[in-house]
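As structure tokens, the structure follows; a few thoughts come after it.
The values are calculated or read from the model by the stated rules, or taken from the named source; none is laboratory data. Owing to the predicted nature of the structure, the values given are computational and were not obtained by experimental measurement. Glycine gets a Cβ as well: all are built from the backbone with ideal geometry, and neighbour counts include every protein chain shown.
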Amino acid sequence: MDQAPGSPHGPRDQGPQGAQSLPTCYRHPDRETGIRCTRCERPICPECMVSASVGFQCPECVRSGSGTGHAPTATQPRTIAGGTVAADPRRVTKILIGINLAVFLVQMSMGERFTDRFDLIGRAYVPILGSIEGVAEGQWYRMLTAMFLHGSYIHIMFNMLSLWWIGGPLEAALGRARYLTLYFVSGLAGSALSYLLAAPNQPSLGASGAIFGLFGATAVLMRRLNYDLRPVIALLAINLVFTFNPAFNIAWQAHIGGLVAGVVVGYAMVHAPRERRALIQYGVSTLVLAVVLVTTLVRTAQLT
């Protein structure tokens, strides 16, 4: 309890014998402390202490690596997958949503000619372009650009809501680099399976392949953390019902390809042993991309 001036116990900054009070933390002036940084000797409170080989150090000395013998990032907090904890854990998700919305606005303003130039198609004559188009014609970029195209307001609305609900928490759990890797690997895997199995003149587009990959990785993560899997399984089951319903004309190949890739890469992300974590995580991602490449080459050979 605060004491009023003139209290029988005397002023706050003196003890019973009039001794001076303890110094205050250089980052939190309202907190007294008897601990100093072993490098710069600034007073630090328990919240600011970082354990060192001898004593404690302040956050600035740790970040600069001063005399620690470790890299400046050695004591940074990490996600379950080993990624750096970011101040804004949903930034990449926001950027992806922004890119999708921006591309959709371009689609709406430029019309079908723009969409037909960048959607995913195996090999077919496109009347509006007046030429034979497709991945088999060397337009491999379509496997990537199709991930950012959408066919209607309803299409992009559902995909972006799913990306926000599923992607945001997953980004926070994995870290930005691993989350972005998962997103693009899953999306490209969905494009590859669609290219392989769909009719060559059947166009497909949408972020659904990548989003299904996020679904798969979320299930793996929840299993790893011993969370109740029933909500995510129910949501995935509902999406699969829509996927295989002929009335919706959905490219199920992209959904399944993205889902499988998401489970594989997601498992590597959250189960890799710490001592070889980055090697296994990005190694598995590279292997999945190698499968995407082989699949693309095989289908191209079939169509040409």
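Quick notes on this structure:
- When region 129-169 is limited to residues that are among the polar types (S, T, N, Q) and out of contact with any strand residue (DSSP E or B) (no Cβ under 9 Å at 6 or more places or on another chain), the one that is farthest from residue 93 (Cα to Cα) turns out to be 152.
- Conditions (1) at pLDDT 95 or above; (2) surrounded by 22 or more Cβ atoms within 10 Å (Cβ to Cβ): number failed by residue 251: (1)
- When residue 221 is tested against (1) in contact (Cβ under 8 Å) with a residue 12 or more places away in the chain; (2) not in a helix (DSSP H, G or I), exactly one condition is not met: (2).
- Lone qualifier among 211, 233 - being surrounded by 19 or more Cβ atoms within 10 Å (Cβ to Cβ), of a type in the set (Val, Ile, Thr) and either touching a helix residue (DSSP H, G or I) at 6+ places or on another chain (Cβ under 8 Å) or under 23 Å from residue 92 (Cβ atoms) (or both): 211
- Qualifying residue in region 153-167 (condition: more than 21 Å from residue 227 (Cβ to Cβ), buried (at least 19 other Cβ atoms within 10 Å of the Cβ) and touching a Phe, Trp or Tyr at 6+ places or on another chain (Cβ under 8 Å)): yes
- First in region 135-163 and in a helix (DSSP H, G or I), second anywhere and basic (Lys, Arg), Cβ under 9 Å, 6 or more apart: 135/123; 135/142; 135/299; 136/123; 136/299; 137/123; 142/117; 145/117
- When residues in region 196-218 are screened for being out of contact with any Gly (no Cβ under 6 Å at 6 or more places or on another chain) and in a helix (DSSP H, G or I), 6 of them pass.
- Options 105, 101, 149: the member that is touching an Asp or Glu at 6+ places or on another chain (Cβ under 6 Å) and either buried (at least 19 other Cβ atoms within 10 Å of the Cβ) or not aromatic (Phe, Trp, Tyr) (or both): 149
- The selection criterion, being out of contact with any helix residue (DSSP H, G or I) (no Cβ under 6 Å at 6 or more places or on another chain), of a type in the set (Val, Ile, Thr), under 23 Å from residue 149 (Cα atoms) and free of Cβ contacts under 8 Å to residues at least 24 places away in the same chain, does not hold for residue 294.
- Of the residues in region 8-29, none is under 30 Å from the mean Cα position of the chain (by Cα), at pLDDT 80 or above and either assigned to a loop (DSSP other than H, G, I, E, B) or not aliphatic (A, V, I, L, M) (or both).
- Among residues of region 238-294, those that are of a type outside the set (A, V, I, L, M, F, W, C) and under 13 Å from residue 212 (Cα atoms), counted: 8
- Flag for residue 108 being among the hydrophobic types (A, V, I, L, M, F, W, C) and in contact (Cβ under 8 Å) with a residue 60 or more places away in the chain: no
- Matching residues in region 171-187 - criterion: being assigned to a helix (DSSP H, G or I) and surrounded by fewer than 24 Cβ atoms within 10 Å (Cβ to Cβ): 172, 173, 176, 177, 180, 181, 184
- Inside region 240-258, residues that are assigned to a helix (DSSP H, G or I) and without any contact (Cβ under 8 Å) to a residue 60 or more places away in the chain make up a count of 8.
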